[in-house]
Amino acid sequence: MTDINLKIYRFNPEEESVGKFVEYKVPYVDGMVVLDAVRYVQEKIDPTLAIRWNCKAAKCGSCSAEINNRPSLMCKTRVDSIGNNISVAPMGAYPNIKDLVTDISANWSILKKIPPFTPKPGMEKPWRIHPADVERSKEFKKCIECFLCQDVCHVIREHNTKYFGPRHMVKAASMDMHPLDVLDRSEFLDDEGGIGFCNITKCCQDVCPEHIHITDNAIIQEKERAADLKYDPIAMIIKRRKSRKEKVVK
Amino acid sequence: MEETFKTIKTDVLVIGAGGAGMRASIAVKEAGLDVVMVTKSLLGKAHTVMAEGGIAAALGNVDPQDNWKVHYGDIIEEGVYISNWKMAEICAKEAPERVFELESYGALFDRTPDGRILQRAFGAHTYRRLCHVGDRTGLEIIKTLEDQILHRDVKFYDEMYITKIVVKNGKACGAIGIKMNTGEFHYFQAKSVIVATGGCGRVYKVTSNSWESTGDGLGLAYEAGAVLKDMEMIQFHPTGMVYPPGVKGLLITEAVRGEGGILLNSKGERYMLRYSPQKKELDARDVVARANYREIQEGRGTEHGGVYLDITSKGADYIKHKLPSMYMQFMEFAGVDITKEKMEVAPTVHYQMGGIRVEPETGHSSLEGLFAAGEVASGLHGANRLGGNSLADILVFGRRAGIGAAEYSKNVKDIEVDTKVVNDEIKRIKGFLRKDGKNPYELIDRLTTAMSDHVGIVRTKEEIEKAIKIINELKEDYKNVGSLGSFKYNHGLLGCLELGNMLIATEAISRAALMREESRGAHTRVDFPKKDKNWLKNIEIKKANSGMQFDVVPVEEMPEEYKQYAKPEEY
Amino acid sequence: MVENVTSTKNTGETRKPLIPVELTEANWRFWSFVLLALIAIYLMTEFQVPVVQGLTDPFYSPTILVLPLVAGFRATCYAYRKDYHRHLFNHPNACNTDVRKEFKGRKYTGETRLFRLENYHRYFWYTAVAILPFFYYDLYIALTYQAGQFTLSLGALLLILNTLWVTIYTFSCHYFRHATGGNIDCYSCPVNKKSVRRGFFNRISAINHHHEMFAWISLASFFLVDLFIRGVGAGLSINPILLNFKW
């Protein structure tokens, strides 16, 4: 392959009000990923180019961007898989700070709102959990918080709602499906988290670099649990009777 | 001219938000003190996420014979007797507690069939000891701690690069930093400072470390006047990726060998049978790394300059279940299906055993008010680190440093410094913003190449001297380094600042490596291939008027009863 | 090292595909439904059904009676929800940012207002399960309509397939998955407790994974079989007997 035509979105809020795409030529190296190309620009052409990257191994989730209009991790997208005309834009769902860097701090305040892991009180230590029971929650714990799912989610991107976003549904599900957790966050997600705004269009599941089945395994499960507690009269009666029983047992 | 900056007052300032920094912040918060945590990158992106294998803790779930004494013995033997015995004891004793604590925070470890935490075999551990979450243990730890940080309302400033630790009357009392995403300067006024910034793997060209690990904590502490120790001990991981070039150095977890992977040279020979007939692939990292290095040097390597690591015999399902991220890593970066093909591997820089000298119980450094924990602190690992001990280290000593700093801060009054100190520092940083400055990345490239070429896995006097010469040249060039742009998210500026710390780290590494005229653990000198009894010592480094001052200090002797836990040293 | 500013809009980076993205993305299902419906309507007008037992209504079929329930089941199904939200309402029509129709300020309530009804999917599922035995009854009749003989005609074969697809579709439902085990966090608490529900849940999850595919196949076969029966009813000789033997 020859040189790469790399278009990078440049935006310096101190100097301009709108960003622009600037084209650079980068020599191709075998097995190169997009981050290599962007770093080449930063090191050899313009050191002021702002990017976020840490591990370069698809483990930290810092280098999220929209590569050829598809939200992807720069470190995980191989140049030979997308051809040598590449455009790199920052995540569109978040306010831009500079160049490819966006302000994702809104996520911290959402994460703060989700009730934390609450184990059954008075359990004998060390805890015992069957190996197979770990599996469900473990899938969600693969999340590296790259926030690509948030970026691609049309609810976050286009509409101003109270919806937390896919990442946070996965977070809540990871704790809900923890075998020793006692809380049920689905009602909270329906009331506060706006899970109803999700219309299962599954773009988040498509872009997830960790291949988590966000919609199928997290969001739909939480929706069904919320339906149990809030919409389904029969399930509500059963649940209530069950919890009354549990109270008696305690 | 007066500079504008924000002042933030707190009791304890934690620099670094990896596992150690987060655990320290939680400990300070639990002690009821005010804590501010700052980090160079985003919350939850620290180098801890790269840890794959697991946490070493002598739970004895899989091998019931295991206990803290065996773990203690392993640490001392692996550290080739220059570890701090007290730290080894604390680590071995407290690690199980920290694992259970992590579990109570919500971490989910892999389980044994009867429901206890599953432990896997790892290099040079006597028993199967590593509590793990597939091969993403670090991710699990950091996300679990992140959750705690958020829900305990620990104040944190991410993308805050600390440039200086403020010292007054011989006491560390705060720090000055630049918030990268806004370009504002911050002055943190604190009663004590915990440094948990991780290692300096990025001073090498081929490294498994992430962008952040540029030895910032070493530079900060050294400039503040703290003593550094064991800096010549740099661990090389035997298995890093080789091809394609973009991912060269990327870590392949030791768990691959723990789960049964074998090393082969290009002739198809399982050469570890020659180098280490008993432990084979699961010998200490330095042994395996040197074996790999030698095979490649002697021409039995692959075309890309590596050796083969083969786990295909385990079957596709097992590999995908036990090593999912390794499978993915090779599939997506190299296009290699590890369930069918062999991996190409070569040694890569992995860990810095040395660092800030600390007191074992509290993590207090030689500078009053300055604490350190994690990779940036030294003592536990001695001349070589056991796999999985770094995660035990960050949790055990992160907590201890937090408690230590909290105790210390309770008895200290607020120390205010003159704004002149802050102004001077801001002026110094402003000096880097200039048009005609040398490109910092170019200098960093020269530095890392020099370190990889000359102070690598096998060292000689001549080679190290070459590196020192280059470092001295770069120190001159550093005076003219600079970047365009403003303070706001300027990577060029960041490169300038990091380079300063990297120069301190590299100078310490190479000059200490030159001093230690023996081969011990990770430090291998071709001109002194034997271990030397007279070098049962640590090299300590301190800032003096004339530059770096090196002192050789004997290792603190362990009490008689502890000696029986470890094999006596042989020469 | 050429460095030049290009447009401020992010266009032209990806070649526009010849076939619209709606057709090439995984959501071609929606359009295939439309196509099937058109064929069905055309064929219905083409082949008039003769008067049977005094009933002449061309749309008359027992299916009409249960259609609202079946339609409700499918309309509230997660697989169909994805399709019509994407293609009828364009929320969003595609994942890639360049082909996405972004109307800023477009009103969007998701499944919070009227579509909150979709939470009652489970009740439609109950009725769907109640309807299922009739499929098997039909199948039984189709195979044994000649007394004492087993007759496998092409129509019966299609019915077998249809019944199979509809059954799989019904039991790969997300609600069924939830009810069988999805609502349980820990199957073996305390650790030694034996649980069959985990195995059940895992198997349902495995077929649930392909729920969207089953949704499409079952609907398509639904259409085809109904058309086939209508064709037979219209007197076309398209139903050869493949196998026939005495019990």
field: Stokes-Einstein D in µm²/s, Kirkwood radius over Cα pairs - segment B:64-132 at 25 °C with 0.890 mPa s viscosity
entry: 189
statement: Using the Cα gyration tensor of segment B:1-64, the equivalent ellipsoid's semi-axes, largest first and to the nearest Å, work out to 34, 17, 6
query: Once phi is turned into θ = phi - 60°, what whole-Hz ³J(HN,Hα) does the Karplus curve with 6.51, -1.76 and 1.60 give for every residue of segment B:21-38, x standing for Gly and Pro?
result: x, 5, 5, 5, 4, 4, 5, 5, 4, 5, 6, x, 9, 7, 9, 10, 10, 10
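Counting each DSSP H run of 4 or more residues in the protein assembly as shown as -39500 (n - 2.57), what helix-only mean residue ellipticity at 222 nm follows after dividing by all residues, to the nearest 500 deg cm²/dmol?
Working: 35 runs with 411 residues, N = 1068.
For the protein assembly as shown, the value works out to -12000 deg cm²/dmol.
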Peptide B:136-142, shielding by other chains (average Cβ, 10 Å cutoff): 3
- request: Note down, for chain A, the three equivalent ellipsoid semi-axes (square root of 5 times each alpha carbon gyration tensor eigenvalue), biggest first, whole angstrom.
  value: 42, 19, 15
- prompt: Based on the mean of other beta carbon atoms within 10 Å per residue, what is the order of A:177-189, A:10-22, most packed first?
  reply: A:177-189, A:10-22
task: Take peptide B:489-497, look around each residue's Cβ out to 10 angstrom, count Cβ atoms belonging to other protein chains, and average those counts.
output: 5
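Relative contact order of chain B, please, whole-number percent, based on alpha carbon pairs below 8 angstrom and at least 6 residues apart.
Values: 1375 pairs, mean separation 122.1, N = 571.
Dividing the mean separation by the residue count of chain B yields 21 percent.
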- line: 1/(1 + (r/R0)^6) with r = Cβ-Cβ of A:LYS25 and B:ARG434, R0 = 25 Å, i.e. FRET efficiency to nearest 0.05, evaluates to 0.35
field: Shape parameters for segment A:106-249, alpha-carbon atoms, Rg then Dmax in Å
entry: 15.9, 49
- prompt: Given labels modelled 7 Å from the Cα in the Cβ direction, how far is it in nm from C:VAL34 to B:LYS469?
  reply: 7.5
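Express the C-alpha Rg of segment B:365-416 as a ratio against the empirical globular expectation 2.2 N^0.38 Å, rounded to two decimals. Write out the running numbers ahead of the final one.
On the way: Rg = 13.2 Å, N = 52, 2.2 N^0.38 = 9.9 Å.
Normalised Rg, Cα atoms only: 1.34.
In debye, nearest 20: dipole of segment B:432-528 around its Cα centre with unit charges on the Cβ of K, R (+) and D, E (-)? Walk me through the numbers on the way to the answer.
On the way: 15 positive and 15 negative charges, 59 e Å.
Around 280 debye, computed over segment B:432-528.
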- prompt: What size of dipole, in debye to the nearest 20, comes out for chain B about its Cα centre when the only charges are +1 on Lys and Arg C-beta atoms and -1 on Asp and Glu C-beta atoms?
  reply: 500
- line: Cα convex hull volume per residue for segment A:4-102, in Å³, equals 93
Cα coordinate range in segment C:103-217, projected on the principal axes (Å, largest first): 60, 54, 22
field: Within segment C:154-235, trypsin sites (Lys or Arg not before Pro) in DSSP loop having at most 11 other beta-carbon neighbours inside 10 Å
entry: C:LYS193, C:LYS194
message: I'd like the projected area of segment B:239-348, averaged over all directions, using the convex hull of its alpha carbons. Report it in nm² with one decimal.
response: 6.0
- request: Using DSSP to define loop residues, name the chymotrypsin sites (Phe, Trp or Tyr not before Pro) in segment C:196-241 whose beta-carbon has at most 13 other beta-carbon atoms within 10 Å.
  value: none
- prompt: In segment B:520-569, which trypsin sites (Lys or Arg not before Pro) fall in coil by DSSP and have 12 or fewer other Cβ atoms within 10 Å?
  reply: B:LYS530
query: With θ set to phi - 60° and the Karplus curve 6.51 cos²θ - 1.76 cosθ + 1.60, what are the ³J(HN,Hα) couplings of segment B:424-430 in order, to the nearest whole Hz, using x for Gly and Pro?
result: 4, 5, 4, 4, 4, 5, 4
field: Separation in nanometres of the label points that stand 7 Å from Cα toward Cβ, at C:ALA234 and B:SER546
entry: 10.6
Residues whose placed amide H lies under 5 Å from that of B:ASP337, excluding near-sequence neighbours: none
- request: Pop a pseudo-label 7 angstrom from the Cα along the beta-carbon direction at both A:SER109 and B:GLU361 and give the gap in nm to one decimal.
  value: 4.4
Under the Karplus curve 6.51 cos²θ - 1.76 cosθ + 1.60, θ = phi - 60°, whole-Hz ³J(HN,Hα) for segment A:155-161, x wherever Gly or Pro sits: 5, 5, 6, 10, 10, 9, 10
task: Report P(r) for segment B:1-110: all Cα-Cα distances, bin width 10 Å, range 0 to the bin holding the largest distance, values in whole percent.
output: 12, 30, 34, 16, 5, 2, 0
C-alpha long axis of helix B:68-78 to longest principal axis of chain B, angle in °: 90
- prompt: All other residues with a Cβ under 9 Å from the Cβ of B:LYS461 taken together, and with Lys, Arg as +1 and Asp, Glu as -1, what is their net charge?
  reply: -3
- prompt: Quick one, what does Rg over Rh come out to for chain B if you take C-alpha atoms and the Kirkwood Rh?
  reply: 0.95
message: Quick check for me: using +1 on Lys/Arg Cβ and -1 on Asp/Glu Cβ, what's the dipole size of segment B:239-348 about its Cα centre, in debye to the nearest 20?
response: 280
- line: Projected onto the charge dipole of the protein assembly as shown (unit charges on the beta-carbon of Lys, Arg, Asp and Glu, signs +1, +1, -1, -1), the Cα from C:TYR42, C:GLY148, B:MET50 with the largest positive-side position is that of C:GLY148
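How do A:LYS59, B:LYS469 line up, fewest other C-beta atoms within 10 Å first?
On the way: A:LYS59 27, B:LYS469 13.
Listing A:LYS59, B:LYS469 from fewest to most nearby Cβ atoms yields B:LYS469, A:LYS59.
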query: Dividing the alpha-carbon Rg of the protein assembly as shown by 2.2 N^0.38 Å yields what?
result: 1.03
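Return a single number: how many Lys pairs in segment B:432-528, at a sequence separation of 8 or more or on separate chains, have alpha-carbon atoms below 18 angstrom apart.
The number of close lysine pairs in segment B:432-528 is 7.
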message: Semi-axes of the equivalent ellipsoid for segment B:455-505, please: Cα gyration tensor eigenvalues, times 5, square-rooted, ordered largest first, whole Å.
response: 29, 12, 6
- request: Summarise the long-distance tail of P(r) for segment B:432-528 by giving the % of C-alpha pairs beyond 15 Å.
  value: 60
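Since every read-out is calculated from the coordinates, none of them should be taken as a lab result. Not measured: the values here are computed from a predicted model. We place every Cβ from the backbone using ideal geometry, glycine too, and count neighbours over all the protein chains shown.
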